[in-house]
Structure formats: C-alpha cells, structure tokens
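Notes follow once the structure below has been shown.
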Amino acid sequence: MTARKRTTAQPQLSTKDIGLKLKWLRQERKWSMNALAEKAGLAVSYVSKLESGGACPTVMTLQHLLAAMDVNIYEFFRDRQDPDPSEQVVFRRAEMAVMHDDDRRWWVAFPRHPNIGVELTDEEYRPHTQITEKETFRGDICGLVVAGELTLEVVNRGVFKVGAGDAFYVKAGHLHAGRNDGDQPLRIVSMLQLAVPEGSTGLPRVTKGK
C-alpha cells in the first residue's frame, strides 16, 4: 500500500509574507489592529511591526495570533492544493511542518484536519531555554521525554523534573510551561488531544498567564 503524496508543509514564507498574511487574516475578520492585539495579548505596536514585515514572530507569538483568529499553523503555511491529509497512512519526516524560535524547534507530524483528532509533535529544546510563558489548551496533552530532562511547571500542582524515558500528562485547562534547565539538549514527543468542533480548523484556544 502506498501513502498518498503531498507537498511539503515546511514554512517557506518570508518575514514580509508572514506579515502580509497576518494582516489579510485580520482584515478578513474586519478586526482593527487593536482588537487583534488585545485578543492575542500583544502590544499594538508589535502587531503593527509584524504586519509591516519589520519583525519576524516567534513560534509562540505566531501561535497566539493565529489562535486568536481561529487559524492553525499548518493551515497558515499549507499549500491549498494539498490532498485531504486524513486519507493518508504514512506521514514522512521531510513533509512535516517545522517550526522554530530561539529556544525550540519542533516537527508537527499531522496537519490539522477535522478528521484527525490529535496533534503529534517531535520537539527539541536548546540547553537553558528562557521560556517562561505558560499556556493551556482545551484538550489534554501528554508526552514522553526521549533525551535530556524536562522541567514541567503546572500551576497549582508544582514543578516536576521529567527524565529520559519518563512520561507526563497535563489535563485540559491547566496552565503549564515546559523548559530545559539542563546543559544538554532536550527532546520530547508530545500529543495534544484536539477539542475542535467538527468542521472547524481552529486551534485549541491558548491562554497566556504568569
């Protein structure tokens, strides 16, 4: 049996193209720049800079902007001519969406689709990451540490050290943050249970907190 071929989903947009696409999505919703900034928890001046191509957003920032507009990252970068991903059996590494910022890089194994119920990611964290922003999702998230040690902070639950071979599970709605405090690279494989109504392509709502 042969898996259906699809084009690569790796982001190929320039900083200017990302800004133009964000602006188009905002204007399509008839939102002001202030409205988008408020929903995404960002400064209006920064959103303006992003839309003009004056700055390139980190993955976390892009996630917050797209979540505010109910658009997922895969849909943001994908080629509209790609076949229905829910009909695929095998998803090749070279075809996965790859996202990165200063501290992290991760591969999204499956594109977001109403008939795909999970999001699977292979994530790499540089040593001594500076991530402090916490997030929460409408679905449960779990994972396995492949190499290194994950420092996982779950609000009202504590801070946990998750070593290589250990697994973690965080229920929907719990604010949490993961980082690498060690001297070695951290690699984890995580899975997010998607709680998206059928027919929707929106991201699970992301909430930021301290």
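Values quoted throughout were computed directly from the atomic coordinates according to the rules given, and no laboratory measurement underlies them. Keep in mind the model is a prediction, meaning the values are calculated, not measured. Every residue, glycine as well, gets a Cβ built from its backbone with ideal geometry; the counts of neighbours run over all protein chains shown.
Measuring spread by the Cα atoms of the stretch 52-122 yields a radius of gyration and Dmax of 13.0, 40 Å.
Sort out for me the Cα centre separation of the stretch 112-136 from the stretch 145-163, rounded to whole Å. The two parts, judged by their Cα centres, are 14 Å apart.
Here the average projected area of the convex hull drawn through the C-alpha atoms of the stretch 91-193 stands at 6.5 nm². Using a simple spin-label model with pseudo-atoms 7 Å out from Cα toward Cβ, Asp17 and Tyr169 lie 4.2 nm apart.
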